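Each reported figure results from applying straightforward, stated rules to the coordinates on display, with no laboratory input. The structure presented is a predicted model; accordingly, all values stated were derived computationally and were not measured. All Cβ positions, glycine included, derive from the backbone under ideal geometry; neighbour counts span all protein chains shown.
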Ligand code: ZN
């Protein structure tokens, strides 16, 4: 298992050339993302989010997603998302404050989402976070646009 993971990491680093328009995150059963900060280029036409859940726990117990929003909107988005429930990936339908989000995944699964680079302004204050109830308070990081 460890060898497979290592091979995967090598493979992932080999595709880093698209890094400026790619937000690649891993999350685990310890309710953590592997990075506390990510950056994208202001020139990106489209930006891809890739999330890999490297843990083992099922989605109902330790589900993770990636939501991108202005930092000031994090808490209200997460609170409305909790009301929307798991079937909605803990993101309220049509929430205009949400810039992008992936579906929720459980251990061993991965997911992705793509959004227009024009949704982000250079120098803006953005956060990526997991909107699973109880996770968003700590499971988050800074997204900068350069
Ligand atoms: Zn989570």
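Taken as Cα centroids, segment 126-145 and segment 30-58 sit 10 Å apart, rounded to the nearest whole angstrom.
Take the Cβ atoms of residue 121 and residue 56, set R0 to 35 Å, and the FRET efficiency comes out at 0.35. Here each label is just a point 7 Å from Cα along the line to Cβ, and for residue 144 and residue 37 those points are 0.5 nm apart.
Per the helix-only calculation at 222 nm, which mean residue ellipticity applies to the chain, given -39500 (n - 2.57) for every DSSP H run of n ≥ 4 and division by its residues, nearest 500 deg cm²/dmol? Please report the intermediate quantities before stating the final value.
Details: 3 runs with 28 residues, N = 146.
Result for the chain: -5500 deg cm²/dmol, rounded to the nearest 500.
Give the relative contact order (percent, whole number) for segment 17-145; include only Cα pairs under 8 Å separated by 6+ residues.
On the way: 307 pairs, mean separation 42.4, N = 129.
Normalised by residue count, the contact order of segment 17-145 is 33 percent.
Model label sites at residue 93 and residue 21, defined 7 Å from Cα along the beta-carbon direction, differ in position by 3.2 nm. If R0 is 30 Å, the Cβ-Cβ spacing of residue 110 and residue 72 corresponds to a FRET efficiency of close to 0.55.
Please work out the ratio of the alpha-carbon Rg of segment 17-145 to 2.2 N^0.38 Å and round it to two decimals.
Numbers: Rg = 13.3 Å, N = 129, 2.2 N^0.38 = 13.9 Å.
Normalised Cα radius of gyration, segment 17-145: 0.96.
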